[in-house]
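The values are calculated or read from the model by the stated rules, or taken from the named source; none is laboratory data. Here the structure is a predicted model, which means the values were calculated and not measured. Ideal geometry is used to build each Cβ from the backbone, glycine not excepted, and the neighbour counts take in all protein chains shown.
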């Protein structure tokens, strides 16, 4: 490829893909639990891979989704490569009750979620232990099915289901406690 | 939106008109909302919450919660340093 072609490819990539950098960084932060250095490395890896495969991208289709898939796969590869020590999670500590039991009568539609700022929600996701956070991000932010998550993380479907359940309960509890603390709910 | 039911429910047996109990429905709450149940169970749970006053608000609260997480959990985050670094990597890759 001539230098002129390289420049044209780079210009096109920058125009189409780099507008999604903040979205990619947001996803990386959610996956890594707010680790800025790891997240930046992940976005760089994803951008480089996307650039190298730019000829496979069909202009005009959903570039953001395409980039997010590349970033997600880069994270999953890294997730398996890392020397992972099991996260110490006290499973018993995670309540299984829904916040509905607290807010049901006063706020039956849980409108308190609406009054939480986005940053509070993203911070609560990032604060979840990795075992809970990763299945939750893949499911609830990326729309993967239970079998897809199980395959990505090399876990049985039943484990994915139970971690997802606990992740959601813990996240819900965290947001509800915060809402009470700042007076959004009494 | 999940519609409210109108019958009184017996949690051990479920409301009249459904063939599953409240407990059986609630045990499948997230799988139902995630669309991960077998079609037959999707229908049984859907049928149950359509007429069960005890269960439908519980399903609805979880649906609202998941909608908020999906809509707001991916809020973009700005990093100026990152953009500079990515542009540099692309320049090096093109050389």
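Key figures
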read-out: Hits in the range A:7-39 - residues which are in contact with a helix residue (DSSP H, G or I) (Cβ under 6 Å, 6 or more places away or on another chain) and more than 10 Å from chain B (Cβ to nearest Cβ); value: A:16, A:31, A:32, A:33, A:38
read-out: Unmet criterion (only one of (1) surrounded by 16 or more Cβ atoms within 10 Å (Cβ to Cβ); (2) modelled with pLDDT of 90 or more) for residue B:35; value: (1)
read-out: Scan of the range B:55-65 for residues that are surrounded by 19 or more Cβ atoms within 10 Å (Cβ to Cβ) and more than 9 Å from chain A (Cβ to nearest Cβ), ordered by number; value: B:55, B:56, B:59
read-out: Residue satisfying condition, being more than 10 Å from chain A (Cβ to nearest Cβ) and either surrounded by fewer than 16 Cβ atoms within 10 Å (Cβ to Cβ) or in a loop (DSSP other than H, G, I, E, B) (or both), within set B:84, B:78, B:44; value: B:84
read-out: Residue match in the range A:172-180 (condition: modelled with pLDDT of 90 or more and either crowded, with 20+ Cβ neighbours inside 10 Å or facing another protein chain (nearest Cβ under 9 Å) (or both)); value: yes
read-out: Residue A:42 being in contact with a helix residue (DSSP H, G or I) (Cβ under 6 Å, 6 or more places away or on another chain), modelled with pLDDT of 75 or more and either closer than 18 Å to residue B:78 by Cα or surrounded by fewer than 18 Cβ atoms within 10 Å (Cβ to Cβ) (or both); value: yes
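Matching residues to (1) within 21 Å of residue B:68 (Cβ to Cβ); (2) touching a residue at least 24 places away in the same chain (Cβ under 8 Å):
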position: A:130; (1), (2): no, yes
position: A:143; (1), (2): yes, no
position: A:158; (1), (2): no, no
position: A:171; (1), (2): yes, yes
position: A:176; (1), (2): yes, yes
position: A:181; (1), (2): yes, no
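For (1) at pLDDT 95 or above; (2) over 28 Å from residue B:88 (Cβ atoms); (3) touching a strand residue (DSSP E or B) at 6+ places or on another chain (Cβ under 9 Å), each residue gets a yes or a no:
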residue	(1), (2), (3)
A:4	no, no, no
A:25	yes, no, no
A:82	no, no, no
A:98	no, yes, no
